[in-house]
Amino acid sequence: MSEGELSGPTWLTRVELSSELAVVKRDLSKELTHTYQEVSQQITDLKDDVSRLGAEFRAGARLTDLRYERDRLESRMRRTFGPRQTVRRIAVGLVGELTAASIRAQVIDEDTLHRFASEQAIVNTDYWLASALRAVAAEYTGADRLRDRALSLAQAYAEMQGQDPAKTDLFMALVCSQLAGSGSDKAADYWSRAATHMNLYLDKVDSFALDRGFFSVLDALAEQELGDEARSYASEALARWVRDREPTSAINQQQLHISRDYLLRHALPFPGSDYATLQEMSHEHWDNVREGWRCASACQGAAMYLSERFRRPLEARPNGRSHARRALRTLIETLEPDELELQREIYALEQAISRKDGKVTGSEDPYAETVDFATLLTLAAFNPAESGIGPQAQQFALACARNWILMAGREVTAEALRIRPIQHPLRLGNWNNTLEIENPRSGGRELVAQDRCEHVARMNPVQRRYRLGLAAITAFVAVLALVLVGDVRLVLGVLALGAVLAVIEHFNAKNLMIVREQRVTAAQEIARKQIDDCDRQGRSLLRKWTLTANAGIEALDKALTDLSMERR
């Protein structure tokens with residue numbers, strides 16, 4: 001063997017080494033690939049961690065900026081409007097019963113009272129309540145000329161600062177009602193001034209932008225906490241506000257829709273058990289009848305509810321002047337427009353901080369909740385729990401909303417009469433027809449019953465069949481006997497037996513036909529009774545429907561009229 005040639009063992013060794021080397025390379029490649037994937041995943045995770053930490057850092061920095069901005073605005077709020085908060089605290093104390101009693105007992109000197117109120121008016125010329133405090137001090141001490149000048153000044157300040165001058169009259173009306181109920185010997189004079197100021201307030205206030213505090217005012221008026229005269233003025237003013245609304249305005253249409261929903265919520269239960277047969281054969285049509293009944297009985301149900309709720313004379317709730325006190329406290333604590341602008345910014349920042357997303361939005365603004373009088377009135381009338389008012393105020397609101405409710409009731413009644421169930425599509429199995437209640441010529445009881453009976457007859461035909469099988473068998477046996485036996489007597493016997501059997505079969509078939517005819521007749525009688533029942537129940541439903549709808553609007557009108565009467 002030459003040197004260039006490989007011996008067998010050497011060649012095999014190299015092949016084995018090459019194979020082992022390939023395995024090592026493959027394993028090493030797999031290990032490197034796995035290691036690379038692990039390192040890549042770790043790098044990815046590290047990038048995600050860095051990104052997350054960066055986002056958290058930026059969010060934290062954003063929240064820090066928001067907190068700083070909130071603190072800055074709150075500091076500005078205290079610096080700019082802090083004196084107003086002082087005036088509010090003083091006002092709460094000044095209109096309290098203890099203060100009035102202390103002044104009457106001369107525990108608080110009149111000169112001191114005037115000097116203290118004047119200092120607040122001088123320091124806070126941009127706030128109507130500060131000047132109104134001078135009017136309250138003058139009211140306590142009987143300085144009528146000073147009181148009138150202070151009120152005029154308070155209203156002038158309010159107009160110059162873009163504030164609502166009507167608040168001054170409301171404030172004095174509530175203060176005078178407090179003094180009238182505190183046992184003063186000038187109670188009659190206080191009641192008269194409370195009514196005068198309430199009348200001025202109702203003339204000046206924008207009825208298209210009332211705040212939620214008006215619910216407390218409404219409660220106080222309804223409970224006569226401001227006196228009978230003030231309540232009478234309020235009734236006239238609220239009725240005027242209702243009349244001033246255009247019937248076709250969007251707000252008025254919204255109130256009609258709310259009133260309609262209120263009426264439908266009090267619809268009477270549908271007396272379905274009285275119309276069992278009609279319901280069984282009407283199927284899907286009956287759902288429309290049930291829905292229509294809500295319109296037919298809505299006014300009647302609402303009238304029954306109102307009569308039951310206000311059946312007995314309502315008694316005033318305890319704590320005689322609690323609503324007036326709450327209305328006064330709400331009025332004092334209400335922020336002015338320039339304060340609200342800053343308070344809204346603070347609120348938006350607080351919401352962004354609480355959400356931890358750093359996004360400041362203006363979607364939530366609890367300080368801007370003013371409503372039109374119409375909306376406020378329907379809320380008070382139909383949702384007293386949500387409005388936080390009592391039954392007296394609800395009755396007062398219902399009386400004011402009488403025209404809206406009646407207008408909605410007339411619309412509901414007109415719809416109920418328009419969709420009266422004057423016809424009923426009937427279906428039973430594969431038979432169907434329409435039963436006309438008001439127009440029997442085109443589909444009355446007789447025509448529908450006849451069609452139903454004809455359908456029953458078609459589904460159960462009585463056929464007169466002549467059974468020839470037995471005669472054929474008898475003839476065959478006779479021929480077979482004649483051919484095989486040749487006995488004529490046997491053939492005659494077979495024929496006689498066949499004749500007897502044929503006669504028996506004939507009578508059996510006749511009896512069976514009679515039985516079937518009787519069954520069809522019975523089924524037709526049942527079908528006719530079903531149609532008669534449907535017609536009778538349909539007429540009864542139509543009468544009840546019409547009477548309930550017409551009587552309902554009359555009952556609703558009477559119930560609302562009773563509510564509108566002055567409470568004794």
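Entry remark, the stretch 199-209: residues being surrounded by 20 or more Cβ atoms within 10 Å (Cβ to Cβ) and within 31 Å of the chain's Cα centre (by Cα) number 2 in total.
Among the small types (Gly, Ala, Ser) and more than 18 Å from residue 223 (Cβ to Cβ) - does that describe any residue in the stretch 415-428? Checking the stretch 415-428: at least one residue is among the small types (Gly, Ala, Ser) and more than 18 Å from residue 223 (Cβ to Cβ). Inspection of the stretch 63-72 finds a residue satisfying the criterion of being modelled with pLDDT of 85 or more, surrounded by 18 or more Cβ atoms within 10 Å (Cβ to Cβ), under 44 Å from the mean Cα position of the chain (by Cα) and part of a helix (DSSP H, G or I). For the stretch 167-176, the condition holds for at least one residue, the condition being that it is hydroxyl-bearing (Ser, Thr, Tyr), surrounded by 15 or more Cβ atoms within 10 Å (Cβ to Cβ) and touching a residue at least 40 places away in the same chain (Cβ under 8 Å).
None of 50, 39 is more than 55 Å from the chain's Cα centre (by Cα), of a type outside the set (Lys, Arg), open to solvent by less than 100 Å² (accessible area, probe 1.4 Å) and at pLDDT 80 or above except 39.
Please tell me if residue 131 is within 43 Å of the chain's Cα centre (by Cα), open to solvent by less than 50 Å² (accessible area, probe 1.4 Å), among the polar types (S, T, N, Q) and at pLDDT 85 or above. For residue 131, the condition - within 43 Å of the chain's Cα centre (by Cα), open to solvent by less than 50 Å² (accessible area, probe 1.4 Å), among the polar types (S, T, N, Q) and at pLDDT 85 or above - is not met.
Among the charged types (D, E, K, R), closer than 29 Å to residue 371 by Cβ and without any contact (Cβ under 8 Å) to a residue 60 or more places away in the chain, is that true of residue 225? Please lay out each step first, then the result.
Values: among the charged types (D, E, K, R): yes; closer than 29 Å to residue 371 by Cβ: yes; without any contact (Cβ under 8 Å) to a residue 60 or more places away in the chain: no.
Taking the combined requirement at face value, the residue does not satisfy it.
So which helices (runs of 4 or more DSSP H) stay within the stretch 373-483 end to end and still have 2 or more residues that are touching a Lys or Arg at 6+ places or on another chain (Cβ under 7 Å) and modelled with pLDDT under 85? Let's see the steps before the verdict.
Numbers: elements: 373-382, 384-387, 391-400, 402-418, 440-443, 445-459.
In the stretch 373-483, 445-459 are the helices (runs of 4 or more DSSP H) which contain 2 or more residues that are touching a Lys or Arg at 6+ places or on another chain (Cβ under 7 Å) and modelled with pLDDT under 85.
Scanning the stretch 179-198 for residues that are within 30 Å of residue 385 (Cβ to Cβ) and open to solvent by 20 Å² or more (accessible area, probe 1.4 Å) turns up just one, 181.
Before we move on, is residue 164 surrounded by 15 or more Cβ atoms within 10 Å (Cβ to Cβ) and not in a helix (DSSP H, G or I)? Let's see the steps before the verdict.
On the way: surrounded by 15 or more Cβ atoms within 10 Å (Cβ to Cβ): yes; not in a helix (DSSP H, G or I): yes.
Spelling it out, residue 164 is indeed surrounded by 15 or more Cβ atoms within 10 Å (Cβ to Cβ) and not in a helix (DSSP H, G or I).
Considering only the stretch 248-256, I want to know if a residue exists there that is free of Cβ contacts under 8 Å to residues at least 60 places away in the same chain, among the hydrophobic types (A, V, I, L, M, F, W, C) and over 27 Å from residue 129 (Cβ atoms). Don't jump to the end; show me each part of the working.
From the stretch 248-256, those free of Cβ contacts under 8 Å to residues at least 60 places away in the same chain are 248-250, 253; that's our starting set.
Now restrict to residues that are among the hydrophobic types (A, V, I, L, M, F, W, C): 250.
When the remaining residues are screened for being over 27 Å from residue 129 (Cβ atoms), the result is 250.
So far as the stretch 248-256 goes, yes, one or more of its residues are free of Cβ contacts under 8 Å to residues at least 60 places away in the same chain, among the hydrophobic types (A, V, I, L, M, F, W, C) and over 27 Å from residue 129 (Cβ atoms).
The residues in the stretch 271-290 that are open to solvent by 80 Å² or more (accessible area, probe 1.4 Å) and either within 16 Å of residue 414 (Cβ to Cβ) or not charged (D, E, K, R) (or both) can be counted, and the count is 2.
Can you tell me how many residues within the stretch 291-307 are surrounded by fewer than 17 Cβ atoms within 10 Å (Cβ to Cβ) and within 20 Å of the chain's Cα centre (by Cα)?
The initial filter retains those residues of the stretch 291-307 that are surrounded by fewer than 17 Cβ atoms within 10 Å (Cβ to Cβ), namely 291, 305, 307.
Narrowing further to those that are within 20 Å of the chain's Cα centre (by Cα): 291, 305.
Count: 2.
The residues on offer are 325, 245, 317, and the sole one that is modelled with pLDDT under 80 and surrounded by 15 or more Cβ atoms within 10 Å (Cβ to Cβ) is 245. Taken together, the residues in the stretch 91-122 that are among the hydrophobic types (A, V, I, L, M, F, W, C), in a helix (DSSP H, G or I) and either loosely packed, with under 13 Cβ neighbours inside 10 Å or under 42 Å from the mean Cα position of the chain (by Cα) (or both) amount to 4.
The values are calculated or read from the model by the stated rules, or taken from the named source; none is laboratory data. Because the structure is predicted, anything quoted here is derived from the model rather than measured. As a convention, Cβ positions derive from the backbone with ideal geometry for all residues, glycine included, and neighbour counts pool all protein chains shown. Quick note on the areas: whole protein, heavy atoms, side chains included, nothing else; ligands and nucleic acids left out. Shrake-Rupley method; radii C 1.70, N 1.55, O 1.52, S 1.80 Å.
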